[in-house]
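Chemist: Next up is a structure, given as structure tokens.
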Amino acid sequence: MKINPVRGTHDLFGKEINKFNNIILEVKDTARKFGFDEIITPIFEKSDLFKKPLGEQSDVVLKEMYTFTDRNEEELTLRPEYTTPMIRAAISNGLLNNLPAKFFGTGQMFRRERPQKGRYRQFNQINFENFGSDDSFADVEIINLASQLLKKILPKKNISLNINTLGNRENLQDYKKILSKYFKDNQNSLSSESVSKIDSNPLRILDSKNIQDKEIVLKCPKLIELISKTDLNSYEEIKVYLKDLDITIFEDLNLVRGLDYYCHTVFEFKSNEIGSQDTLLGGGRYNGLINKLGGKDIPGIGWAAGIERLMLLMNDSPATSEDIHLAIQDQTLKKNAIKIHDYLIKNNLSVYWNYKYNIKKSLSLASEKKAKFILIIGEEENIENNYILKNLYNGEQKVVKFEEILDYIK
Ligand code: HAM
């Protein structure tokens with residue numbers, strides 16, 4: 001019986017796992033430099049953690065969550081995002097006593113979306129969150145962190161940063177009403193999908209990809225008109241600081257993001273090289289969310305990036321090749337070969353053995369696998385405790401004693 005992978009899931013191996021691991025290394029290094037501590041949370045949580053905060057109206061909750069009932073009738077959900085679990089973990093473990101509290105995490109997320117290039121049902125996210133500061137420094141810092149990390153992972157790639165402000169929560173609520181009215185007045189010119197969102201979630205119509213919708217959206221009332229002067233000044237300040245850091249920004253007045261918990265600064269980093277799923281990284285402020293989840297009334301800001309989307313843009317990382325490939329003449333030498341194999345590995349070298357007691361075959365496999373050295377354990381040499389060590393980069397060959405192997409290689 002052949003069992004296929006679940007639709008929208010994928011295995012990572014070979015070149016792809018090299019890319020994945022390199023991304024994780026860069027993430028950890030960037031986190032260290034900016035002073036963010038790692039946090040790993042469970043893959044499933046109580047469903048209520050996601051239902052309310054993400055917005056009962058937002059797509060993620062309505063259609064995309066993998067929810068199941070446990071044997072004790074508890075409703076659980078495979079995490080569709082990492083912000084709410086990180087807040088939950090910070091509250092559960094008393095990590096919000098010293099503020100600001102800065103955390104990052106990487107791991108699998110689950111959304112039952114229609115799979116396509118760059119969109120999967122199980123995917124990996126990088127997530128950075130800063131809890132407890134309203135200072136514009138925190139906004140600039142988290143965006144700068146994203147920008148620096150993307151430059152490390154994707155040097156030379158053209159990635160644009162779109163930014164907007166949503167104002168406070170009341171501004172957003174009022175804006176939804178104004179938008180609903182505007183779209184209702186224009187519903188004859190909207191796609192049927194957008195018409196279905198007029199009452200429930202008019203903000204989602206703003207990022208519709210439908211050409212007809214785009215025209216209507218272009219002329220819609222703008223949220224910025226509702227935002228207070230103080231909030232606008234603070235937003236202007238953030239833009240100035242970002243420009244001071246040579247971070248190029250595009251202001252997108254229709255950028256509202258897909259989850260309901262955002263307010264004030266929102267941003268997205270995009271690439272035009274990966275098709276329709278072009279957002280590599282997205283985030284923003286979520287003042288009020290920590291309180292809603294049972295924590296203190298403190299602000300927060302963060303972002304998440306899709307690792308698979310970053311991988312689509314990455315060049316192949318250099319493959320790692322083994323240090324030593326063994327070539328063993330025949331089974332009678334096995335006892336000695338096992339000892340040598342063990343000794344070399346214990347001395348920190350990577351060793352490959354192909355179980356083919358055939359020197360010729362081993363030689364060709366070693367060069368195919370681009371090994372650095374081949375160590376030949378042959379009948380004749382073995383009697384004298386001699387081994388032939390061949391450097392496959394320069395072709396040099398040497399007869400060495402067992403005790404000399406390490407020195408020669410290092
Ligand atoms: P999000 O925009 O839903 O935000 O997801 C962030 C990123 O995850 C996307 O930009 C994309 O790169 C990746 N992503 C999302 N869905 C998929 C998918 N189905 N397949 C592959 N990649 C995907 C959040 O999740 C927020 N929690 C971000 C945040 C953190 N806001 C504040 N803090």
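Chemist: Leaving ligands and nucleic acids out of the surface, order 170, 75, 380 by accessible area at 1.4 Å, largest first. Numbers along the way, then the final one.
Modeler: Numbers: 170 120, 75 75, 380 145 Å².
Heavy-atom accessible area, descending, gives 380, 170, 75.
Chemist: Just by accessible area at a 1.4 angstrom probe, what is the order of 109, 314 from largest to smallest?
Modeler: Working: 109 0, 314 30 Å².
In descending accessible area the options line up as 314, 109.
Chemist: Between the alpha-carbon centers of region 82-144 and region 348-387, tell me the distance in whole angstrom.
Modeler: For region 82-144 versus region 348-387, the Cα centre distance is 48 Å.
Chemist: Could you compute the FRET efficiency for residue 368 and residue 158, with r as their C-beta to C-beta distance and R0 at 41 Å, rounded to 0.05? Display every interim value, and only then the final one.
Modeler: Numbers: r = 37 Å, r/R0 = 0.90.
Using R0 = 41 Å, I get an efficiency of 0.65.
Chemist: Rounded to a whole number, what is D in µm²/s for the chain from Stokes-Einstein with the Kirkwood radius over alpha-carbon pairs (10 °C, 1.306 mPa s)? Don't jump to the answer; show the numbers that get you there.
Modeler: Details: Rh = 24.9 Å.
Calculated translational D: 64 µm²/s.
Chemist: What nm value, rounded to one decimal, do you get for the distance between residue 98 and residue 410 when each label is placed 7 Å out toward the C-beta?
Modeler: Placing both labels 7 Å beyond Cα along the Cβ direction yields 3.9 nm.
Chemist: Taking the 0 to 90 degree range and rounding to the nearest ten, how far is the long axis of helix 169-185 tilted relative to the main principal axis of the chain, both from C-alpha atoms?
Modeler: So the inclination is approximately 70 degrees.
Chemist: Could you work out the mean projected area of the convex hull around the alpha carbons of region 1-150, in square nanometres to one decimal? Intermediate values should be presented prior to the final figure.
Modeler: Working: hull surface 47.5 nm².
Averaged projected hull area, Cα only: 11.9 nm².
Chemist: To test your reading of the geometry: what angle, between 0 and 90 degrees and rounded to tens, separates the Cα axis of helix 83-92 from the longest principal axis of the chain?
Modeler: 90
Chemist: Charges at C-beta only: +1 for Lys and Arg, -1 for Asp and Glu. How large is the resulting dipole of region 78-229 about its Cα centre, in Debye rounded to 20?
Modeler: 700
Chemist: Can I ask one more? Which value, in debye to the nearest 20, describes the size of the charge dipole of region 319-410 about its Cα centre when Lys and Arg Cβ atoms bear +1, Asp and Glu Cβ atoms bear -1, and nothing else is charged?
Modeler: Values: 14 positive and 13 negative charges, 70 e Å.
For this selection, approximately 340 debye.
Chemist: While we're looking at this one, here's another question. Considering only protein heavy atoms, what is the solvent-accessible area of residue 66 at a probe of 1.4 Å, reported in Å² to the nearest 10?
Modeler: 70
Chemist: Just the accessible area for residue 352, please: 1.4 Å probe, Å², rounded to the nearest 10?
Modeler: About 80 Å², ignoring ligands and nucleic acids.
Chemist: A follow-up question, please. Of the beta bridges DSSP finds with both residues in region 324-409, what % are antiparallel, to the nearest 5? Don't skip to the answer; put the middle values down first.
Modeler: Numbers: 9 of 16 bridges.
Bridges in region 324-409 are about 55 percent antiparallel.
Chemist: Also, quick follow-up: According to the square roots a ≥ b ≥ c of the eigenvalues of the Cα gyration tensor, what is the shape class of region 324-409, taking rounded for a/c under 1.5, prolate for a/b larger than b/c otherwise, and oblate for the remainder? Mind showing how you got there, number by number?
Modeler: Numbers: a/c = 1.25, a/b = 1.07, b/c = 1.17.
Taking the square roots of the gyration eigenvalues as a ≥ b ≥ c, region 324-409 is rounded.
Chemist: Continuing with the same structure: Full-extension gain between residue 185 and residue 3, please, as 0.36 nm times their residue separation minus the C-alpha to C-alpha distance. Don't jump to the answer; show the numbers that get you there.
Modeler: Numbers: separation 182, 0.36 × 182 = 65.52 nm, distance 5.15 nm.
The span from residue 185 to residue 3 would gain 60.4 nm if fully extended.
Chemist: I've got another one for you. Do the alpha carbons of any pairs in 19/52; 63/177; 152/222; 152/214; 334/361; 15/156 sit beyond 25 Å of each other, and which pairs? It would help to have the intermediate numbers written out before the result.
Modeler: Working: 19/52 36 Å; 63/177 23 Å; 152/222 35 Å; 152/214 34 Å; 334/361 17 Å; 15/156 20 Å.
With Cα atoms farther than 25 Å apart: 19/52; 152/222; 152/214.
Chemist: Here is a follow-up. Of all DSSP beta bridges located in the chain, what percent are antiparallel, nearest 5? Could the numbers behind the result be given before it?
Modeler: Numbers: 52 of 64 bridges.
Expressed as a percentage, antiparallel bridges in the chain total about 80.
Chemist: So, one more: Could you work out how far helix 14-34 tilts from the main Cα principal axis of the chain, as a 0 to 90 degree angle to the nearest 10?
Modeler: Rounded to the nearest ten degrees, it is 60.
Chemist: So, one more: Determine the shape class of region 82-217: with a ≥ b ≥ c the square roots of the Cα gyration tensor eigenvalues, call it rounded for a/c under 1.5, and otherwise prolate if a/b is greater than b/c, oblate otherwise. Walk me through the numbers before you get to the answer.
Modeler: Details: a/c = 1.88, a/b = 1.54, b/c = 1.22.
Cα axes put region 82-217 in the prolate bin.
Chemist: Just the accessible area for residue 402, please: 1.4 Å probe, Å², rounded to the nearest 10?
Modeler: We get 60 Å² for residue 402.
Chemist: A follow-up question, please. For the chain, what is the charge dipole size about the Cα centre, in debye to the nearest 20, if Lys and Arg each add +1 at the Cβ and Asp and Glu each add -1 at the Cβ? Could the numbers behind the result be given before it?
Modeler: Numbers: 59 positive and 58 negative charges, 184 e Å.
The dipole of the chain has a size of about 880 debye.
The values are calculated or read from the model by the stated rules, or taken from the named source; none is laboratory data. As the structure is a prediction and not an experimental result, all values here were calculated from the model. Neighbour counts run over all protein chains shown; Cβ positions are idealised from the backbone, glycine included. These accessible areas exclude ligands, DNA and RNA; they are computed on the full protein's heavy atoms, side chains included. Shrake-Rupley method; radii C 1.70, N 1.55, O 1.52, S 1.80 Å.
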